[in-house]
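Reviewing the structure listed below.
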């Protein structure tokens, strides 16, 4: 069968003030009908640049050499690199479509989803409003949106994160393209929703014969969905092989390192035992730094909408020096609890005692005395850092706010120590946030969280957007700092393997309630609750043979609405 897309000796460089930067260097790949090609590699390897070159979406600063030939379902061919802008607009959507990483940044908040799906139809031909609406309802049903006849008139904010990703896939599918380019389509999703999206992509490939180029850093997703894998490093393809061959017998040293960096469930048992053995005698009886008893958090309703209980009667403790992993799907209440501990979300009922301060009804002075003893690492440092401040000024901010230093300049010595502690050169303090990679920004965010030598650190999904090699470095760094400084930590994540590596105990939330709690060996090794078993089955593992078995288990355990 002829290739849907054929990339021949593709090279892409970008013009910068410091001279041209080569992002892709001599890449050659083919994708055939009904095939899933996964392109993997760490940040900066050229994955996304290659994907955007397939659709001709590179910026004006890019210089492209080589050929990217697309073959439509009717057999016509187009070299994306050499055609005009008008021809590119004809090809996009009809021959090739893209599913972007963050659906919230793609969907227009002021238009209904039906109108946005119909927009692609009407851009490529004369289609009546009635017919466009019918096709939009049809494709929403295809991607599994319930009640599509009604939901077609809803706005993006009325859908969950997983449903918005399905809508973006529907927008890509509506013109029946021969190729879909999916750029990190499951990165920001929890494991249960991720499993649903992967099942959807698999079904669409089988039902429509659409080829998929999957850009991802999640090797479990690759093992679950891909037929072939291309591994990129520094702009070049260092290895390309069928998925089973690549995982069983990787040839390139970089591929072996990439697979070796993937965390696996079960690896944390020995680490947890070593941490427990190193703790002083009587540690277990120490006064907890966090004690929640019957914790309830309710968001009041507005505009005649009823109130919503996000956290319902939850009880747990965190002792000094202990890491508690908090896991669960989106909407389970993880981030709400994290924000309540930091005093950013008010407590509605029950008791929440943090570092000796009662948070239920806490205001003003009580919070001000507690907050210097607490650090917070946000999920996305790109949005939590002020883009107008340098990294040194961002890291120094807690020191200035709490009176430890008069100005960022006066705190620079402490900032340099913090940057070196998180393995960043002190010269990076003079850079702005956009000048650092995602992994570097996350290390700087960790430095800011530790600036005040906190007794308690709250880390909200700190590694979810990092590729596996950078994630491995950040996790190793976190482990070393936690052992050295001895702070307690609430570690919020949807990645069970990451939590297994770091946490002494794991708490599982489901729809605002705590359904299971225990050590990693207890919760992940022999879970008691069906929901925990479903979470485990949803987590893809970097082994195609084992993942096929887990997929069958997930299909058995999954709720009927997602099968």
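Each value in this text was obtained by applying a stated rule to the coordinates, not by laboratory testing. Here the structure is a predicted model, which is why all the values come from computation and not from measurement. Neighbour counts are summed over all protein chains in view; Cβ atoms, including those assigned to glycine, are modelled from backbone coordinates with ideal geometry.
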query: According to a simple spin-label model (label point 7 Å from Cα along Cα-to-Cβ), what is the distance in nm between residue 434 and residue 17?
result: 1.1
task: With all distinct Cα pairs included, what does the Kirkwood hydrodynamic radius of the range 1-57 come out to in Å, to one decimal, could you say?
output: 12.6
Between the range 11-29 and the range 401-433, the Cα center-to-center distance that results, in Å: 33
query: Binned at 10 Å from 0, what are the whole-percent values of the Cα-Cα distance distribution for the chain, short to long?
result: 3, 16, 25, 26, 18, 9, 2, 0
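Exposure proxy check: 259, 490 ranked by fewest other beta carbons within 10 Å?
Ascending Cβ contact count within 10 Å gives the list 259, 490.
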message: As I understand it, the value is the acute angle between the Cα axis of helix 412-421 and the longest principal axis of the Cα atoms of the chain; what does it come to in degrees, rounded to 10?
response: 70
- line: Dividing the mean separation of Cα pairs under 8 Å (6+ apart) by the residue count of the range 65-199 yields a relative contact order in percent of 33
- prompt: For labels at residue 278 and residue 126 in the simple 7 Å Cα→Cβ model, what's the distance in nm?
  reply: 7.4
- line: Taking 0.36 nm per residue of separation between residue 410 and residue 530 and subtracting their Cα-Cα distance, the length gained on full extension comes to 37.8 nm
message: Suppose the chain between residue 315 and residue 88 were pulled fully straight at 0.36 nm per residue; how much longer would it get relative to their current alpha carbon spacing?
response: 76.0 nm
query: What whole number of Å gives the distance from the Cα centroid of the range 250-270 to the Cα centroid of the range 322-345?
result: 29
- request: For the range 326-434, list log₁₀ I(q)/I(0) at each q in 0.09, 0.10, 0.11, 0.19 Å⁻¹, using the Debye formula over Cα point scatterers of equal strength and ignoring solvent, two decimals each.
  value: -0.31, -0.39, -0.46, -1.06
- prompt: Which angle from 0 to 90°, rounded to the nearest 10, does the C-alpha axis of helix 544-557 make with the longest principal axis of the chain?
  reply: 70
message: Looking at the chain only, what percent of DSSP beta bridges run antiparallel? Nearest 5 please.
response: 55
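Given an 8 Å cut-off on Cα distances and at least 6 residues of separation, report the relative contact order of the range 345-385 as a percent.
Working: 23 pairs, mean separation 11.0, N = 41.
Taking the mean separation of contacting Cα pairs over the length of the range 345-385, I get 27 percent.
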task: Be a star and scan the range 7-47 for residues whose amide nitrogen sits under 17 Å from the point 7 Å along the Cα-to-Cβ vector of residue 176.
output: 33-34
message: Once you keep just the Cα pairs under 8 angstrom separated by 6 or more residues, what percentage relative contact order results for the chain?
response: 16
query: Can you give the direction-averaged projected area of the convex hull of the alpha-carbon atoms in the range 402-476, in nm²?
result: 5.5
- prompt: Just from its helices, what would the mean residue ellipticity at 222 nm be for the chain, if runs of 4 or more DSSP H residues each count -39500 (n - 2.57) and the sum is divided by every residue, rounded to the nearest 500 deg cm²/dmol?
  reply: -11000 deg cm²/dmol
query: Which FRET efficiency value, to the nearest 0.05, do you get for residue 269 and residue 202 by plugging their Cβ-Cβ distance into 1/(1 + (r/R0)^6) with R0 = 30 Å?
result: 0.40
message: As an exercise, take the mean of 1/r over every pair of distinct alpha carbons in the range 1-151, invert it, and state the Kirkwood radius in angstroms.
response: 17.6
message: Using a Förster radius of 35 Å, what is the FRET efficiency between residue 293 and residue 367 based on their Cβ-Cβ separation? Nearest 0.05, please.
response: 0.95
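Of all the Cα-Cα pairs you can form in the range 459-563, what percent are over 20 Å apart? Don't jump to the answer; show the numbers that get you there.
Working: 2581 of 5460 pairs.
The share of Cα pairs beyond 20 Å in the range 459-563 comes to 47 percent.
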task: Using only the Cα atoms, work out Rg/Rh for the range 207-273, with Rh taken as the Kirkwood radius, to two decimals.
output: 1.05
- line: In degrees, nearest 10, the alpha-carbon axis of helix 161-173 is tilted away from the dominant principal axis of the alpha carbons of the chain by 10
message: Suppose each label sits 7 Å from its Cα in the direction of the beta carbon; what would the residue 154-residue 257 distance come out to in nanometres?
response: 4.5
